[in-house]
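The values are calculated or read from the model by the stated rules, or taken from the named source; none is laboratory data. What you see is a predicted model; the values in this text were computed from it and never measured. Here the Cβ positions follow ideal geometry from the backbone for every residue, glycine too, while neighbour counts run over all protein chains shown. We work out accessible area using only protein heavy atoms, side chains counted, and drop any ligands, DNA or RNA first. Shrake-Rupley method; radii C 1.70, N 1.55, O 1.52, S 1.80 Å.
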Amino acid sequence: MKNKLTTILTLLGIFLTGMLRAQVQIVAEQDQERNLTLFSFNDSKIPYTVQIHFVKLENLESLQGDLLYKLAKPGKSTLVKLQSIYGNVQTGFRYNTKLYKGDIQPSIPFESPYLIPVEKGISVSMRPLLANQKVPEDRRYTGVGFYFEESATVCAPRKGIISEIKMDVEKVADGLADFSSENYVEIYHQDGSFTRLSGLKANSAKVVVGDTVIPGQALAESSTQGSSSQHHVKMIQSRWEMEVNGVTWVNFPVLIRSEKEELLSDKASENLQSTHPEELIAKELDKKELKKYLGK
């Protein structure tokens with residue numbers, strides 16, 4: 001019992017700084033044969049990916065290799081089991097970790113178009129938001145802006161879970177989506193991607209963190225942009241991608257559904273009419289959600 005307790009406390013000490021910020025904690029349990037199992041406890045409503053790199057194993061073997069990416073689902077999850085090589089010999093290990101918000105290796109693809117993120121029937125213009133010339137061309141796209149004449153309700157373009165909200169900023173910035181200084185609502189989607197809707201009216205949120213929202217559901221109210229009288233909402237889709245040099249955060253364009261056409265968000269367009277087609281919304285709903293939606 002003493003050896004088991006020491007192992008748990010040592011593990012928690014290593015993970016403490018990075019994990020508590022994300023509401024994820026890691027603990028270890030060792031059985032009588034000295035096999036070790038790592039568990040995660042995630043208090044948030046969305047999953048997190050834990051990168052575990054074992055740099056030293058003493059009398060322990062990882063059958064999945066020394067570099068692992070494991071999903072810490074909401075609640076308790078089993079991350080990895082380390083096998084003891086000799087049952088009567090002391091065990092130990094040393095490792096490095098990184099934490100990534102969301103599932104970086106999702107198995108559920110998404111190919112349907114996104115809704116224009118405002119209430120039905122609003123006429124909007126759409127313009128991509130691009131970084132400056134110093135950024136490589138394939139990474140210049142940072143999101144898309146939708147612009148319209150009067151205040152409108154900002155809506156979810158897809159189904160997902162509200163993962164972050166910021167609503168305490170009175171002044172809205174011009175230009176690119178500057179999430180550190182703008183109000184926003186962030187949505188986590190089941191395919192591992194995120195949507196952030198920014199430039200919102202202060203204290204106008206109609207949802208809270210942890211809510212599951214469906215396409216077209218009201219999230220907040222729009223705001224004017226900087227000194228302009230024109231209303232707007234900025235939308236950015238992001239995800240983690242595995243590359244040669246490791247895991248990278250990438251912004252990507254998506255297909256947008258308007259009343260008359262579908263077009264990519266990295267193309268400018270005028271006079272688009274927002275629409276909330278039932279067949280598109282229904283594709284993302286489970287049976288319980290669909291029954292509730294159709295009975296509204």
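Key figures for this structure:
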{"item": "Qualifying position, being open to solvent by 40 Å² or more (accessible area, probe 1.4 Å) and touching a strand residue (DSSP E or B) at 6+ places or on another chain (Cβ under 9 Å), among K206, K234", "result": "K206"}
{"item": "When residues of the range 72-82 are limited to those that are open to solvent by 50 Å² or more (accessible area, probe 1.4 Å), part of a strand (DSSP E or B) and out of contact with any Lys or Arg (no Cβ under 9 Å at 6 or more places or on another chain), the one farthest from T37 (Cα to Cα)", "result": "K76"}
{"item": "Residue in the range 242-263 that is within 18 Å of T49 (Cβ to Cβ), open to solvent by 30 Å² or more (accessible area, probe 1.4 Å), in contact with a Phe, Trp or Tyr (Cβ under 9 Å, 6 or more places away or on another chain) and acidic (D, E) present", "result": "no"}
{"item": "Search result, residues across the range 89-111 that are of a type in the set (S, T, N, Q) and in contact (Cβ under 8 Å) with a residue 24 or more places away in the chain", "result": "Q90, T91, N96, T97, Q105"}
{"item": "Test result for T91, under 17 Å from the mean Cα position of the chain (by Cα) and open to solvent by less than 30 Å² (accessible area, probe 1.4 Å)", "result": "no"}
{"item": "Filter pass, V27 being open to solvent by less than 20 Å² (accessible area, probe 1.4 Å) and of a type in the set (V, I, T)", "result": "no"}
{"item": "Residues satisfying the stated conditions in the range 30-67, i.e. loosely packed, with under 15 Cβ neighbours inside 10 Å, modelled with pLDDT of 90 or more and of a type outside the set (V, I, T)", "result": "D43, H53, K56, E58, E61, L63, Q64, G65, D66, L67"}
{"item": "Lone qualifier among G192, G226, G216 - being closer than 29 Å to K98 by Cβ, in a loop (DSSP other than H, G, I, E, B) and open to solvent by less than 40 Å² (accessible area, probe 1.4 Å)", "result": "G192"}
{"item": "Test: residue in the range 112-123 that is touching a residue at least 12 places away in the same chain (Cβ under 8 Å), in a strand (DSSP E or B) and open to solvent by 50 Å² or more (accessible area, probe 1.4 Å)", "result": "yes"}
{"item": "Any hit, the range 164-172, residues being at pLDDT below 95 and crowded, with 22+ Cβ neighbours inside 10 Å", "result": "yes"}
{"item": "Qualifying residue in the range 232-250 (condition: at pLDDT 95 or above and not in a strand (DSSP E or B))", "result": "no"}
{"item": "Evaluation of L294 against (1) touching a residue at least 24 places away in the same chain (Cβ under 8 Å); (2) open to solvent by 50 Å² or more (accessible area, probe 1.4 Å) (one fails), failing number", "result": "(1)"}
